[in-house]
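Asker: My questions all concern the structure below.
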Amino acid sequence: MTASTTSSDNFTIAGRDYHSRLLVGTGKYKDMDETVRAIEASGAEIVTIAVRRTNIGQNADEPNILEVLTPDRYTILPNTAGCYDVDSAVRTCRLARELLDGHKLVKLEVLGDQKTLFPDVLQTVEAAKILVADGFDVMVYTNDDPIVAKQLEEIGCCVVMPLAAPIGSGLGIRNRLNILTIVENAKVPILVDAGVGTASDAAVAMELGCDGVLMNTAIAAAKDPVLMASAMRKGIEAGREAFLAGRMPAKRFASASSPIEGTFF
Amino acid sequence: MQIQLNGTPTTVPDATRMSGLIEHLGLTDRRLAVEVNRELVPRSRFAEHELKAGDAVEIIHAVGGG
C-alpha cells in the first residue's frame, strides 16, 4: 500500500469526505490547551461537543470550546450525552442546530442508566425517527446488536455507532463477532463508539472492517493524552491498512518461512 | 416579573425581550442557543420575543464532551 493510495482512502459522512477515520471527543481534558494539542495530534477532522447551560455571571471570560476548535477547521459533532429520554435528546439536537447555524449533523445517544451508560435502544429508535424526519443527519450510538443496528440504518441514520464496551470503561471490543456482523450487514458507515482503551483496540475495530472509531476517554485519561492521541491515529491507520490488505488465514500449526529445498546440513 | 433562567429564579423588568435579556447578561455576540418553555427561540426572533412572567428560559452553549 502506497502513501498515495492511503490518502485516497476517504470515507463519506452526510455527503462530506473525510480522510481521518478517528473521531474524538473533547471532554475530560485537564484544560483547553491540552484539549487542542491532543486533538491536533489525533489528526481528527470530526470532534464531538456537548451542549450545556451557559455560565451566567461566572467565568464569563473563559474561552469557549468553539473558539479554539472552530467550525471552519473541524466538523463539529454535537452530542446528546446525558439524555435519558426522547424529549431531552430531541431538544438538545434542535438547540445544537441553532447553536451551529443550521448544521444538521448530530450524535444521538439516549442512555438507559448511569451505571452502565448503555443505550436505551427503544428510546434511541424513537428519537432517531423524529430527528431524521426533522432533517437531521443522525449518527447514532447503539448497542452491539446487529438487529437494532440494521433497524437504525433503515430509519435513515447516516452512521451507526455500536459500542465496543461501556462508555469510559476502556475495556476494548467485548464482542468482536457482533461488530463484524454489524459491519457485514451495513450499507452506511459503521463506527465503533465508546469503550476503546488503547491503540490496539482501535486497530482491532478497523481490522474488523469498521469505517472509523469515535473515542474520548481513551485519549483524555491517558497519562500523556497528546502521545496517546498520536498512538490512536497510528492504530487506526494500521488497522485500516491491515483490513484493506487482507490478513493471512490463521492456522493451528507452523509453516516454515525459509525454503525446505537446498539445505546442506 | 420573575422568570426561571437556567433553573434559577431571576427577576427581570416586565416585557423584557430576549435580545434585552441577552444584552443584560453580557452575552451579546456569544455563540449560544435559547429555548423558552422547552421550545427553541431562533436568534432571528430574539428582538421580537417578549418574555412573560414564569417563563423557563434556557441559554446553552458548547462545552467539551465525548
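Asker: Which residue, B:LEU21, B:LEU40, B:LEU51, has the most motion in a Gaussian network model of chain B that connects Cα atoms within less than 10 Å?
Answerer: Answer for the Gaussian network model of chain B: B:LEU40.
Asker: 5 Å is the cut-off here: which amide hydrogens, built 1.01 Å from N in the peptide plane, fall below it relative to A:ALA194, excluding neighbours closer than 5 in sequence?
Answerer: Amide H neighbours of A:ALA194, under 5 Å, 5+ apart: A:ALA164, A:LEU214.
Asker: Here's a follow-up. Going by how many other beta carbons lie within 10 Å of each one, how would you line up A:ARG21, B:ARG31, fewest first?
Answerer: Working: A:ARG21 27, B:ARG31 17.
Lowest to highest Cβ neighbour count: B:ARG31, A:ARG21.
Asker: Still on this structure: Using only Cα atoms, find the angle between the long axis of helix A:146-155 and the longest principal axis of chain A, and express it within 0 to 90 degrees, rounded to the nearest 10.
Answerer: 50 degrees
Asker: Report the Cα centroid-to-centroid distance between segment A:110-179 and segment B:16-66 in angstrom, as an integer.
Answerer: When both Cα centres are located, 31 Å separates them.
Asker: Could you list which residues have their amide H under 5 Å from that of B:GLY65, counting only those 5 or more apart in sequence or on another chain, with H placed in the peptide plane?
Answerer: The list, which skips near neighbours in sequence, is A:THR26, A:GLY27, A:ALA50.
Asker: Restricting the count to DSSP beta bridges whose residues both fall in the protein assembly as shown, what percent are antiparallel, rounded to a multiple of 5?
Answerer: Working: 21 of 44 bridges.
Approximately 50 percent, going by the DSSP bridge assignments.
Asker: Taking 22 Å as R0, compute the FRET efficiency from the Cβ-Cβ separation of A:THR198 and A:GLU34 and round it to 0.05.
Answerer: 0.70
Asker: Using θ = phi - 60° and the Karplus curve 6.51 cos²θ - 1.76 cosθ + 1.60, what whole-Hz ³J(HN,Hα) does each residue of segment B:39-44 get, with Gly and Pro shown as x?
Answerer: Working through the residues one at a time gives 10, 4, 10, x, 3, 5 Hz.
Asker: Here's something else I'd like to know. Output the antiparallel fraction of DSSP beta bridges having both residues in segment A:8-118, as a percent to the nearest 5. Each step should come with its number before you reach the end.
Answerer: Details: 3 of 9 bridges.
The answer is about 35 percent antiparallel.
Asker: Is there a quick way to get the dipole size of segment A:35-178? I mean about its Cα centre, with the Cβ of Lys and Arg at +1 and of Asp and Glu at -1; what is the value in debye to the nearest 20? It would help to have the intermediate numbers written out before the result.
Answerer: Values: 14 positive and 20 negative charges, 48 e Å.
About 240 debye.
Asker: Roughly what would the spin-label model give for A:SER88 and B:ARG45, points 7 Å off Cα along C-beta, in nm?
Answerer: For A:SER88 paired with B:ARG45, the spin-label model returns 2.4 nm.
Asker: Of A:SER200, A:SER255, A:SER169, how do they rank once you tally other Cβ atoms within 10 Å and put the fewest first? Don't skip to the end; give the middle numbers.
Answerer: Working: A:SER200 15, A:SER255 6, A:SER169 18.
With the fewest neighbours first, A:SER200, A:SER255, A:SER169 line up as A:SER255, A:SER200, A:SER169.
Asker: Could you give each residue of segment B:12-29 its phi-based ³J(HN,Hα) in whole Hz, using Karplus coefficients 6.51, -1.76, 1.60 with θ = phi - 60°, and x for Gly or Pro?
Answerer: So the Karplus estimates, Gly and Pro as x, are 10, x, 3, 6, 5, 9, 4, 4, x, 5, 4, 5, 4, 7, x, 10, 4, 6 Hz.
Asker: What are the ³J(HN,Hα) couplings of segment B:48-58, residue after residue, when phi is run through the Karplus curve with 6.51, -1.76, 1.60 and θ = phi - 60°? Round to Hz, x for glycine and proline.
Answerer: 3J(HN,Hα) across segment B:48-58, in whole Hz: 9, 6, 9, 7, 10, 4, x, 4, 9, 9, 10.
Asker: In deg cm²/dmol, rounded to 500, what helix-only [θ] at 222 nm does chain A give when every DSSP H run of at least 4 residues adds -39500 (n - 2.57) and the total is split over its residues?
Answerer: Details: 10 runs with 101 residues, N = 265.
That comes out to -11000 deg cm²/dmol.
Asker: Quick one: work out the % antiparallel among DSSP beta bridges in segment A:37-177, nearest 5.
Answerer: Of the beta bridges lying entirely in segment A:37-177, close to 5 percent run antiparallel.
Asker: Now, a different point. Give me the net charge of A:THR12's neighbourhood, meaning all other residues with Cβ under 13 Å from the Cβ of A:THR12; Lys, Arg count +1, Asp, Glu -1. Write down the numbers at each step before the final one.
Answerer: Values: positive: A:ARG16, A:ARG21, A:LYS187; negative: A:ASP9, A:ASP17, A:GLU45, A:ASP137, A:ASP211.
Residues close to A:THR12 contribute a combined charge of -2.
Asker: Right, another one. Where is the GNM fluctuation largest for chain A (alpha-carbon springs, 10 angstrom cutoff): A:MET228, A:MET206, A:MET248?
Answerer: Result: A:MET248 has the largest fluctuation of those listed.
Asker: Now for a different question. Cα-Cα over 21 Å: which of A:LYS115/A:LYS223; A:LYS28/A:LYS223; A:LYS115/A:LYS150; A:LYS30/A:LYS104? Before the final figure, lay out each step's value.
Answerer: On the way: A:LYS115/A:LYS223 25 Å; A:LYS28/A:LYS223 13 Å; A:LYS115/A:LYS150 26 Å; A:LYS30/A:LYS104 30 Å.
From the list (A:LYS115/A:LYS223; A:LYS28/A:LYS223; A:LYS115/A:LYS150; A:LYS30/A:LYS104), the Cα-Cα distance tops 21 Å for A:LYS115/A:LYS223; A:LYS115/A:LYS150; A:LYS30/A:LYS104.
Asker: Over segment A:87-233, what relative contact order in percent results from Cα pairs under 8 Å that are six or more residues apart?
Answerer: 16 percent
Asker: Taking the simple approach of a point 7 Å from Cα along Cα-to-Cβ for both A:ASP224 and A:THR116, what is their distance in nm?
Answerer: Rounded to a tenth, the inter-label distance reads 3.7 nm.
Asker: Excluding B:VAL12 itself, what net charge comes from residues whose Cβ is under 13 Å from its Cβ, given Lys and Arg +1 and Asp and Glu -1? Working shown, then result.
Answerer: Details: positive: B:ARG17, B:LYS52; negative: B:ASP14, B:GLU23, B:GLU50, B:ASP55.
Charge balance in the 13 Å sphere: -2.
Asker: While we're looking at this one, here's another question. Name the most mobile residue of A:ASP113, A:ASP17, A:ASP101, meaning the one with the largest mean-square fluctuation, in a Gaussian network model of chain A with Cα contacts below 10 Å.
Answerer: Maximum among the listed residues: A:ASP101.
Read-outs throughout are calculated quantities, based only on the coordinates presented, and are distinct from any laboratory measurement. Just so we're clear, the structure is a prediction, and the values are computed from it rather than from any experiment. When we count neighbours, we look across all protein chains shown, and the Cβ atoms used for this are built from the backbone with ideal geometry, even at glycine.
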